[in-house]
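Colleague: Pasting a structure here, questions to come.
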């Protein structure tokens, strides 16, 4: 599926293309995705999470129900989203499960799709790409709920999630190796 959006550029109009990525395409774009990730989260290029991103992207892409979308300006990746089913034994799932009461754990994590990453390069934010990447990633997934983590601060990402019906499950959570607090969000899927 290809979705085109016209956005203003320096010389008139720039066409930004949003399309589904295969696991192989996402893996091949690992270093470009790391650059978008770093710019969107204001990480430096030698931040450990940025350096590890391509290897982590390969691990994610190897999951059987992995999905990803990319936003491109020409052949340049300017945004992406990715996710898969959240299962026991996965680091993020187990970290969040440990913080939720049993009834909430069952409600939100059993059968959940994890929106793992959603980032748009700052130069391309405010054009609706984040919303498109979000909506396309979740469109048609068979899971009954979706879950994600985002910085606890009031950010454009938090505004996007709130607008799309996400609920706060955990207001502040610290993950190992990251001093920034995160919110854990959940959403029912059709």
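Any read-out appearing in this document is the output of simple, stated calculations on the displayed coordinates, not a laboratory observation. All figures in this text were calculated on a predicted structure; none of them were measured in a lab. For neighbour counting, all protein chains shown are included, and Cβ atoms are generated from backbone atoms with ideal geometry for every residue, glycine included.
Colleague: Using just the Cα positions, wrap region 38-126 in a convex hull and report its mean projected area in square nanometres, one decimal place. Each step should come with its number before you reach the end.
Modeller: Working: hull surface 29.2 nm².
Its average projected convex-hull area is 7.3 nm².
Colleague: Here's a follow-up. What number, in percent, do you get for the relative contact order of the chain if the mean sequence gap of Cα pairs under 8 Å and at least 6 apart is divided by its residue count?
Modeller: Value for the chain: 17 percent.
Colleague: If you don't mind, there's one more thing I want to ask. With a Förster radius of 45 Å, plug the Cβ-Cβ distance of residue 22 and residue 103 into 1/(1 + (r/R0)^6) and report the FRET value to the nearest 0.05. Please report the intermediate quantities before stating the final value.
Modeller: Details: r = 38 Å, r/R0 = 0.84.
Efficiency computed from Cβ-Cβ geometry: 0.75.
Colleague: For the chain, take N as its residue count and report Rg(C-alpha) divided by 2.2 N^0.38 Å.
Modeller: Values: Rg = 16.1 Å, N = 190, 2.2 N^0.38 = 16.2 Å.
Relative to the 2.2 N^0.38 Å estimate, the chain comes out at 1.00.
Colleague: A follow-up question, please. In degrees from 0 to 90, rounded to the nearest 10, what is the angle of the helix 30-41 Cα long axis to the longest principal axis of the chain?
Modeller: Between helix and principal axis, roughly 80 degrees.
Colleague: Modelling each spin label as a point 7 Å along the Cα-to-Cβ direction, I'd like the residue 177/residue 144 distance in nm, to one decimal.
Modeller: So the two model labels end up 3.3 nm from each other.
Colleague: Under 20 Å from a label point 7 Å along Cα→Cβ of residue 153: give me every residue in region 172-190 with its amide N that close.
Modeller: It comes to 172-185, nothing else.
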